[in-house]
1. Let me spell it out: the conditions are (1) without any contact (Cβ under 8 Å) to a residue 12 or more places away in the chain; (2) more than 22 Å from Ile61 (Cβ to Cβ), and Met131 meets all of them except one. Which number is the exception?
2. Output the helices (runs of 4 or more DSSP H) that fall wholly within the stretch 100-210 and possess 2 or more residues being buried (at least 17 other Cβ atoms within 10 Å of the Cβ), in contact with a strand residue (DSSP E or B) (Cβ under 8 Å, 6 or more places away or on another chain) and on the phi < 0 side of the Ramachandran plot, or say none.
3. What number goes with the only condition from (1) assigned to a helix (DSSP H, G or I); (2) farther than 20 Å from Ile18 by Cα that Pro213 does not pass?
4. Yes or no: the stretch 124-132 includes at least one residue that is within 14 Å of the ligand (Cβ to nearest atom) and either more than 15 Å from the chain's Cα centre (by Cα) or under 30 Å from Thr207 (Cα atoms) (or both).
5. Taking the conditions exactly as written (closer than 20 Å to Val181 by Cβ and of a type outside the set (A, V, I, L, M, F, W, C)), does Ser154 satisfy them or not?
6. Is there a residue being touching a Lys or Arg at 6+ places or on another chain (Cβ under 9 Å), under 21 Å from Met142 (Cα atoms) and not β-branched (Val, Ile, Thr) anywhere in the stretch 38-47?
7. Which residues, counting only those in the stretch 24-67, are of a type in the set (D, E, K, R), free of Cβ contacts under 8 Å to residues at least 40 places away in the same chain and more than 15 Å from the ligand (Cβ to nearest atom)?
8. Note down all Cβ pairs under 6 Å where the first residue falls in the stretch 174-187 and is over 14 Å from Gly164 (Cα atoms), the second is outside any helix (DSSP H, G or I) and hydrophobic (A, V, I, L, M, F, W, C), and they're at least six residues apart or on different chains.
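Where a number appears in this text, it was derived from the coordinates with a stated rule and is not lab data. A quick note: this is a predicted structure, and the numbers were derived from the prediction, not measured. Ideal geometry is used to build each Cβ from the backbone, glycine not excepted, and the neighbour counts take in all protein chains shown.
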Amino acid sequence: MNTLQDRVALVTGSSRGIGAAIATLFANEGARVVVHGRDTDAVETVRSQIEATGARVMSVIADLTRYDEIEGMRDRIEQVHGPVEILVANAGGSPSRPGPIEEISEEAWRASVDANLTATFLTIKCFLTGMKERGRGNVITMSSAAARRPNPGSPIAYAAAKAGIELLTKDVAAQAGPHGVRANCIAPETIMTETNQQQIPEQVQETLRGTHPIRRLGTPEDVAQTALFLASDNSAWISGIVVDVAGGSVLL
Ligand SMILES: NC(=O)c1ccc[n+]([C@@H]2O[C@H](COP(=O)([O-])OP(=O)(O)OC[C@H]3O[C@@H](n4cnc5c(N)ncnc54)[C@H](OP(=O)(O)O)[C@@H]3O)[C@@H](O)[C@H]2O)c1
């Protein structure tokens, strides 16, 4: 229960969904966790749930498309918990719908790239210098099965942004590895977060289950356990990889 004892871990986008599951598991494993989001009420709910377990936890609010807000967040974390050793750049999502390329507006394209690729880049940029100076750091990014193969069910702006995150992660691994920093990426298939439970009708869930060699849909805990492995010393010689948490579906 102490795989991450006293390590300072920031999980971006942990006000709900996958990020909240990662933050909760990391806290159970002894990490000093930082819960992050934009929705203050949601962030405080997760923070107080983790605090109730006796863990040391703090919360921060920042829009990750704004570098000045990320810097403010980093400075506040360093004042309270000390420097971030484990950065889970999980925040993101798909503001656009699947459809023909020529019907995607420039605004919608930019919104997907901003919310995923640019936000992940700005977050890593802000924390990497300190990690390299300290000779110690671990970056985990969040892609998607959407980025692993063309799929008419995936919005291409989102998929392309996530594919960019995968290459960015490999570049971080190559550049920062000699300075003691590892970087890996997780690519989940459909995960049954509370939001997806509500938004995906049961009949569609049943159809989706049938598309996975492992005949069930993923849970936030499936992703959190993968993040824990990558964050821990159990994966000490692994860097620059993308892990499909996808019930085998990317094999199809
Ligand atoms: N769920 C899936 O099926 C699935 C599958 C593949 C990949 N993923 C990826 O996994 C990650 C988490 O997914 P999820 O389903 O758990 O998402 P979610 O429930 O929609 O939560 C997204 C989180 O990201 C935060 N966020 C988004 N944009 C932000 C911004 N510009 N600045 C700061 N925070 C921002 C949100 O903060 P607030 O709500 O507090 O504003 C929230 O905490 C995402 O990167 C997503 O693309 C999810």
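1. It fails just one condition, (1).
2. On the way: elements: 106-113, 119-134, 156-176, 194-199, 202-210.
Passing ranges, in order: 119-134, 156-176.
3. Here Pro213 clears every test but (1).
4. Yes, the stretch 124-132 contains at least one residue that is within 14 Å of the ligand (Cβ to nearest atom) and either more than 15 Å from the chain's Cα centre (by Cα) or under 30 Å from Thr207 (Cα atoms) (or both).
5. On the way: closer than 20 Å to Val181 by Cβ: no; of a type outside the set (A, V, I, L, M, F, W, C): yes.
No, not satisfied.
6. Scanning the stretch 38-47, I find at least one residue that is touching a Lys or Arg at 6+ places or on another chain (Cβ under 9 Å), under 21 Å from Met142 (Cα atoms) and not β-branched (Val, Ile, Thr), so the answer is yes.
7. Glu51, Arg56
8. Qualifying pairs under 6 Å: Ala183/Val139.
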